[in-house]
Amino acid sequence: MDAQPIFLSETLAALPEPWPDSLLPAIQERLAATERTLVVLDDDPTGTQTVHDVPVLTEWSAPALQAELARRQPVFFVLTNSRSLPLAEAQALNAEIGRNLTRAAQAAGRDFAVVSRSDSTLRGHYPGEVDALARGLGQRFDATLIIPFFLEGGRYTLGDIHYVAEGDALIPAAETPFARDAAFGYRSSDLRDWVEEKTGGRVRAADVRAISIEQLRSGGPRAAGKALIELADGAVCVVNAAEMRDMEVFVSGLLDAEESGKRFLYRTAASFVQARAGIAPRPLLGPNDLSLPAEGGALFVVGSYVPKTTAQVECLLAETGIARVEIDVAALLDDAHARQAVAAAVDALNAALQDSRDVVLYTSRGLITGADAAESLAIGKRVSDSLVEIVRSLEVRPRYLVAKGGITSSDIATKALDIRRAFVYGQALPGVPVWQAGPESRYPGLAYVVFPGNVGGDDALVRIVRSLDAD
């Protein structure tokens, strides 16, 4: 017998009432009074999807980190793109960043806290890169906090079970296509069981602690702080949440616990970062906010292969007059045909942009996977490298550029556009950040839209075209 569907509206209505008072102003005051910077290590560029007016680094040398810490700002991001790497490389990268951060903080005279920001649908190198980061930092943490709640993406954690909302349906995460990811698949929607699964039994489900919705909504910051203060000896704790007020309550208690001397490492999605950094929401961006050129064509680059992205591409092609350039993934994986396929795509894109037409470059939608996780990641790298080569070879600057998919948007930013430091304007759509490319980049000042593969309705790409249209 099929399981009975779970409805989002009914589930939220059955929960206790949220904490009555906004705690964001108090969080902002407390953060302003501290001498501590929040450093967010982002395993793909989509972690900036809930913030604005913050910098993003795409390098992590000790001098670069020291310079950023010396600015004494409340938060900055470091784009690692570690989700695209094999586990051993992701671990080495995180350990290196941990060591560099420690040296940089000592030189800058600035304390810091670290977030390992990853996917709200539970994909990524957990626990491997988190453990490596802790070793690199050379610190002992009282606990690692698991917080995959992401409001804009419809990701809720209730009763320790993580859900993905599709319309009004709540789907347990392990029953979604994300759980069948070739590199990061999983079986458990209950986050306690997920931790045991991902740690290979090193951390048992029964030993994973949790902070419930009921604690946050009935007990408030004091209850959250008390639960956190009780964590010790490298515990793992799951945090439930269903709206941003829950995150505000949790962060208020978290700041109390940190002030008492507790040290935590965070493995979270994007909503926690917004609350922990004390960032208030702002309206969605339009063309006037971005100072876009009046002329020229926009470029969309789509590498994400998840079903949500495929539906969005189909809608974009059906509902707009955008020029289309499809590139066959099988050809990119064939040494005899790859160069010809890349050259043809470059010519087609240049022609469209020269005519000031919006144009979309997208990979063929049939998913090609390898025999194991490492081989699947290698295939993804081959495809992404080809997209980078295509964008690097363009002769016409786009009016703005949209990159769809985490690995795609990271590689386009760092390898095709040479971005080393960017500034997050805000969001074009809920959960879709827009960066301003730095002066060192190939196109200084370019509006770069980082569009996660797993965010937005079917019409999301259409909405980008219409909202940023030059009129």
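The values are calculated or read from the model by the stated rules, or taken from the named source; none is laboratory data. What you are looking at is a predicted structure, and each value in this text was computed from that prediction instead of being measured. FYI the Cβ positions are ideal-geometry reconstructions off the backbone, even for glycines, and counts take in every protein chain you see. Surface accessibility is based on the protein's heavy atoms, side chains included, excluding ligands, DNA and RNA. Shrake-Rupley method; radii C 1.70, N 1.55, O 1.52, S 1.80 Å.
Distance between the C-alpha centres of segment 297-317 and segment 203-225: 39 Å, rounded to the whole angstrom.
Hey, what's segment 72-162 come to in accessible area per residue, 1.4 Å probe, Å²? Dividing the accessible area of segment 72-162 by its residue count gives 30 Å². Each listed q (0.14, 0.21 Å⁻¹) maps to a log10 I(q)/I(0) for segment 103-218, found by the Debye formula over equal Cα scatterers with no solvent: -0.67, -1.26. Global size of segment 368-415: 12.4, 40 Å for Rg and Dmax (C-alpha atoms, Rg to one decimal, Dmax whole). Taking a ≥ b ≥ c as the square roots of the eigenvalues of the Cα gyration tensor, the chain is prolate, since a/c reaches 1.5 or more and a/b is larger than b/c. Of the peptides 204-217, 147-160, the ranking by mean beta-carbon count within 10 Å, highest at the top, reads 147-160, 204-217. Each residue of segment 404-411 was assigned a 3J(HN,Hα) from its phi angle through the Karplus expression (A = 6.51, B = -1.76, C = 1.60, θ = phi - 60°), giving 9, x, x, 5, 4, 5, 5, 5 Hz with x at Gly and Pro.
Ranking 247, 173, 224 by Cα position along the charge dipole of segment 140-253, where only Lys, Arg, Asp and Glu carry charges on their C-beta atoms, puts 224 farthest toward the positive end. Here the Karplus curve 6.51 cos²θ - 1.76 cosθ + 1.60, taken at θ = phi - 60°, turns the phi angles of segment 39-48 into couplings of 10, 9, 8, 9, 6, 7, x, 7, x, 7 Hz, with x standing for Gly and Pro.
Computed from Cα atoms, the angle from the helix 128-137 axis to the main principal axis of the chain rounds to 70 degrees. For the chain, the longest principal axis of the alpha carbon atoms and the long axis of helix 373-392 meet at an angle near 50°.
Phi angles of segment 26-31 translate, via the Karplus equation with coefficients 6.51, -1.76, 1.60 and θ = phi - 60°, into HN-Hα couplings of 5, 4, 4, 5, 5, 5 Hz per residue; Gly and Pro are given as x. Computed in the context of the full set of protein chains, the accessible area of the chain at 1.4 Å probe radius has 50% of its extent on carbon or sulfur.
Please count, across the chain, the pairs of lysine residues with Cα atoms under 22 Å apart that sit 8 or more places apart or on different chains. Write down the numbers at each step before the final one.
Values: 226/262; 308/381; 308/404; 381/404; 381/415; 404/415.
Taking the chain as the scope, the lysine pair count is 6.
By the Stokes-Einstein formula, at 1.306 mPa s and 10 °C, segment 1-109 with its Kirkwood radius over alpha-carbon pairs has D equal to 93 µm²/s.
Multiplying the residue separation of residue 14 and residue 351 by 0.36 nm and subtracting their alpha-carbon distance yields 115.8 nm.
Among the GluC sites (Glu not before Pro) within segment 27-116, which fall in a DSSP loop and have no more than 14 other Cβ atoms within 10 Å of their own Cβ? Answer by residue number: 35, 59.
Shape analysis of segment 318-387 places it in the prolate category; the axes a ≥ b ≥ c from the Cα gyration tensor give an a/c of at least 1.5, with a/b above b/c.
Taking the C-alpha atoms only, the angle from helix 338-354 to the longest principal axis of the chain is near 80 degrees.
Counting other Cβ atoms within 10 Å of each Cβ, which GluC sites (Glu not before Pro) in segment 362-443 have at most 15 and sit in a DSSP loop? Could the numbers behind the result be given before it?
Working: sites: 375, 389, 395, 440; in loops: 395, 440.
Counting only loop positions with at most 15 other Cβ atoms within 10 Å, the GluC sites (Glu not before Pro) in segment 362-443 are 395, 440.
The Cβ shell under 9 Å around residue 315 holds other residues with a net charge of -4, Lys and Arg each +1, Asp and Glu each -1. Distance from the Cα centroid of segment 256-280 to that of segment 78-133 is 16 Å (rounded to whole angstrom).
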